[in-house]
Amino acid sequence: RQRQMCIRDSVHTTRGDLLRVLDRFVEAVAAYDTAVSLYEPDDPSQWFVLYARGISHERLNQWADAESDFRTALQMNPEHPRVLNYLGYSLVEKDQKLDEALGMIERAAAAQPDSGYILDSLGWALYRLGRYEEGVGHMERAAQLMPVDPVVTDHLGDVYWACLLYTSDAA
């Protein structure tokens, strides 16, 4: 019986993943809802489904639902770098709980120090906190790891510009 449950929830999770990749987020949430319903309420192995559903909610601008899913996924898998980074970066983008967000992203970066996405998030969080010079090294490393990513390049330019303005004000 447990093997059947695992197969059924993985089918719905895989369907949700495919729909999410196709930007069909409403349908993805429905598939993830079905997958979650097949788990026992406190089963920690459902963390990924909650994380993926959280992404879909975030893309649908359903922030309360997204944050709830991310935080529940973190309760089940407290130090997972992807969940820490996604929630932390989302909070930074929403200009909410910036100190908490930075802490999450720093933990993600400690776990995956060569992830361009996570280093971009770290540099960007520092930028949003007004700690421009601290963000430069992280942004430069992210740009080295992901040289053609337009968001990373844009963030790096913003950090450089802020450093230039900050330095010229200090002179």
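Mean shadow of the chain, computed from the convex hull of its alpha carbons, in nm²? Write down the numbers at each step before the final one.
Working: hull surface 42.3 nm².
Over all viewing directions, the chain projects a mean Cα-hull area of 10.6 nm².
Run the numbers for residue 68 and residue 114: contour at 0.36 nm per residue of separation, minus the present Cα-Cα distance, in nm. Display every interim value, and only then the final one.
Numbers: separation 46, 0.36 × 46 = 16.56 nm, distance 2.80 nm.
Length gained between residue 68 and residue 114: 13.8 nm.
I want to verify a result. In a Gaussian network model of the chain, Cα cutoff 10 Å, which of these has the top mean-square fluctuation: 29, 148, 159?
Evaluated over the chain, the most mobile residue of the options is 148.
Please identify, among 73, 110, 125, the residue showing maximal mean-square fluctuation in a Gaussian network model of the chain using a 10 angstrom Cα cutoff.
110
On a 1.4 Å probe surface of the protein chains, which of 155, 138 comes out largest in accessible area, and what is the full order?
Details: 155 10, 138 60 Å².
My answer, sorted largest first, is 138, 155.
So, in nm, how far is label residue 94 from label residue 133 when the simple model puts each one 7 Å beyond its Cα toward the Cβ?
For the pair residue 94/residue 133, the computed spacing is 3.3 nm.
So what is the 222 nm mean residue ellipticity for the chain from helices alone, if each DSSP H run of at least 4 adds -39500 (n - 2.57) and you divide by all residues, rounding to the nearest 500 deg cm²/dmol? Walk me through the numbers on the way to the answer.
On the way: 9 runs with 135 residues, N = 171.
The helix contribution divided over the chain gives -26000 deg cm²/dmol.
Of all the accessible heavy-atom surface of the chain, with the other protein chains kept in place and a 1.4 Å probe, what percent is carbon and sulfur?
Numbers: 4950 of 9330 Å².
After summing per-atom areas, the C and S share lands at 53 percent.
Run the simple label-point estimate for residue 145 and residue 33 please: 7 Å along Cα→C-beta, distance reported in nm.
So the two model labels end up 3.6 nm from each other.
What relative contact order, as a whole-number percentage, does segment 1-91 give when Cα pairs under 8 Å and 6 or more residues apart are counted? Present the calculation step by step, with values, prior to reporting the outcome.
Values: 98 pairs, mean separation 20.0, N = 91.
Dividing the mean separation by the residue count of segment 1-91 yields 22 percent.
Around residue 50, what is the net charge, scoring Lys/Arg as +1 and Asp/Glu as -1 over all other residues with Cβ under 10 Å from its Cβ? Let's see the in-between values first.
Values: positive: 53, 71; negative: 69.
Within the 10 Å Cβ shell, the charges total +1.
Could you sort the peptides 31-39, 49-57 by per-residue average Cβ neighbour count (10 Å cutoff), highest mean leading? Please list the in-between numbers first.
Working: 31-39: 19.1, 49-57: 24.7.
Per-residue Cβ counts within 10 Å, averaged per peptide and sorted highest first, yield 49-57, 31-39.
The values are calculated or read from the model by the stated rules, or taken from the named source; none is laboratory data. All figures in this text were calculated on a predicted structure; none of them were measured in a lab. In this analysis, Cβ positions are derived from the backbone assuming ideal geometry, glycine residues included, and neighbour counts consider all displayed protein chains. Surface areas here come from the heavy atoms of the whole protein model, side chains and all, with no ligands, DNA or RNA. Shrake-Rupley method; radii C 1.70, N 1.55, O 1.52, S 1.80 Å.
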